[in-house]
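Since the structure comes first, as structure tokens, the remarks are kept for the end.
Please treat every number below as a calculation from the coordinates, not as lab data. From a predicted model like this one, the values you see are computed outputs, not experimental measurements. Neighbour counts run over all protein chains shown; Cβ positions are idealised from the backbone, glycine included.
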Amino acid sequence: MPNHIELQIVKATRSQVAAIVSVLTDATRYKVERGDSAWGSHGPTEAAVLEQMKSGEMYVALNDRDVIATARLQWEDEHYWGKQPPVAGYLHGLAVRKDSHGKNVATHLLTWAAQEVAVRGRQYLRLDCTSTNFGLCRYYERQGFSQAGQRVLQSGCIAALYQRHAAL
């Protein structure tokens with residue numbers, strides 16, 4: 001089985017909502033199986049995805065027109081990072097379809113996001129994850145991220161805040 005596939009990353013469209021919900025539901029199950037309930041116990045509804053798409057910040061990774069991953073690239077994130085100067089882009093909801101795990105899809109999306117951030121003249125790509133999801137924390141560290149802090153959420157969950165330089 002090849003460990004790399006060709007991807008095209010584009011803004012998500014309404015016609016892709018069901019596929020996005022499927023990818024996010026798979027990813028939520030995968031996280032829950034590993035003790036990470038940050039995304040809840042089930043995936044989002046189509047209405048929730050449509051609401052997230054309104055900002056134009058949701059993207060999909062396509063392989064031969066099939067949605068195999070999704071993420072949101074935002075330009076501010078007060079919820080996790082507080083008020084910040086415009087020096088970063090913030091990646092949320094990075095999810096890869098289960099049958100595409102191990103094919104460097106997430107790595108490709110992270111590289112793409114860092115390039116998008118750099119093109120906008122910003123220095124950092126930032127993201128967060130549950131601090132107790134040690135496998136995910138290690139994955140981000142292997143991708144060049146360093147932990148920049150933690151944030152205790154109202155739910156009691158502790159988010160690990162990561163960033164890396166977004167140089168081209």
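Direction-averaged projected area, Cα convex hull, the range 1-72: 5.4 nm², rounded to one decimal.
What is the log10 of I(q)/I(0) for the range 8-126, computed with the Debye formula using one identical point scatterer on each Cα and no solvent, at q = 0.15 Å⁻¹? Each listed q maps to, in turn, -0.68.
Derived scalar couplings between HN and Hα for the range 33-49 equal 4, 9, x, 10, 9, 4, 9, x, 9, 8, x, x, 7, 4, 4, 5, 5 Hz in order, rounded to whole Hz, by the Karplus curve 6.51 cos²θ - 1.76 cosθ + 1.60 (θ = phi - 60°), x for Gly and Pro. Summing Cβ point charges (Lys, Arg +1; Asp, Glu -1) relative to the Cα centre of the range 70-168 gives a dipole of roughly 180 debye. Between LEU50 and ARG14, residue separation times 0.36 nm minus the direct Cα-Cα distance comes to 12.2 nm.
When the chain is described by a simple charge dipole with +1 on each Lys and Arg Cβ and -1 on each Asp and Glu Cβ, the residue from HIS108, SER22, PHE145 located farthest towards its positive end is PHE145. For LYS83, the lysines whose Cα comes closer than 27 Å to its Cα, not counting residues fewer than 8 places off in the same chain, are LYS11, LYS54. For the range 121-164, the alpha carbon positions stretch 34, 23, 10 Å along the principal axes, listed from largest to smallest.
Of all lysines in the structure, the ones whose alpha carbon falls short of 22 Å from that of LYS31, not counting any fewer than 8 places away in one chain, are LYS98, LYS103.
Computed over the chain, the per-residue total of -39500 (n - 2.57) for DSSP H runs of n ≥ 4 gives a 222 nm mean residue ellipticity of -9500 deg cm²/dmol, rounded to 500. Close amide H contacts of THR130 (hydrogens built in the peptide plane, cut-off under 5 Å, sequence separation of 5 or more or a different chain): ALA160.
Hydrodynamic estimate: the Kirkwood radius of the range 31-95 over Cα pairs, inserted into Stokes-Einstein at 37 °C and 0.692 mPa s, corresponds to D of 240 µm²/s.
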